[in-house]
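A.B. asks: The structure follows.
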Amino acid sequence: MTLSARILDISTSGMRVEVGSALRPAAECDVAIPVAGRELRLRARVLRCRAQAGNPTETGSIVFRAGLEFVNLSDEAERAIESTYGGSEKAPSRRDPSRGGGPVKIKVNVEDIARRRREQEKPGE
């Protein structure tokens, strides 16, 4: 499953995004963010995800805000994020629209979510 999202905040440790579907906390996902005219693919872990009241999408659905933590970020990826988005954690779209800011594509591994659910449902562990 691939979701489109909008970057709200980004730093070399992770990012906060707005998506149209809920992301399961603790699940890992692949993210593709625009940097320096190309797509940077990274692995991230969902730290939190909450429905954002009062912000329906154009289709009338609820919007979710999720915090993602990058997993095993390489030095090259860190430099690319810093050069594109700067050292600040402010939303790129609020600073300089010419520097990027989305949309970001998030690929959720459904098998990872199912595996974690099975692990949580095992009795006695």
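A.B. asks: So which residues in the range 4-41 are part of a loop (DSSP other than H, G, I, E, B), out of contact with any Lys or Arg (no Cβ under 7 Å at 6 or more places or on another chain) and under 14 Å from R65 (Cβ atoms)? Give the derivation first.
C.D. replies: Kept after step one, since they are part of a loop (DSSP other than H, G, I, E, B), are these residues of the range 4-41: 11-13, 20-27, 36-37.
Next, from what is left, pick out any that are out of contact with any Lys or Arg (no Cβ under 7 Å at 6 or more places or on another chain): 11-13, 20-24, 36-37.
Once the filter is applied, which keeps residues that are part of a loop (DSSP other than H, G, I, E, B), out of contact with any Lys or Arg (no Cβ under 7 Å at 6 or more places or on another chain) and under 14 Å from R65 (Cβ atoms), the range 4-41 yields G20, S21, A22, L23.
A.B. asks: A further question on this structure: Considering each of I81, I113, I62, I106 in turn, give the residue that is of a type in the set (A, V, I, L, M, F, W, C), under 18 Å from S13 (Cβ atoms), surrounded by 10 or more Cβ atoms within 10 Å (Cβ to Cβ) and modelled with pLDDT under 90.
C.D. replies: Numbers: I81 fails: modelled with pLDDT under 90; I113 fails: under 18 Å from S13 (Cβ atoms); I62 fails: under 18 Å from S13 (Cβ atoms).
After applying the criteria, what remains is I106.
A.B. asks: Kindly provide the set of residues from the range 1-37 that are acidic (D, E) and within 18 Å of A77 (Cβ to Cβ), ordered by number. Even if it seems obvious, please write down each step before you answer.
C.D. replies: Step one: filter the range 1-37 for residues acidic (D, E), giving 9, 18, 28, 30.
Within the range 1-37, D9, E28, D30 qualify.
The values are calculated or read from the model by the stated rules, or taken from the named source; none is laboratory data. No experiment lies behind these values; they were computed from the predicted model shown. Every residue, glycine among them, receives a Cβ derived from its backbone with ideal geometry; neighbour counts consider all protein chains shown.
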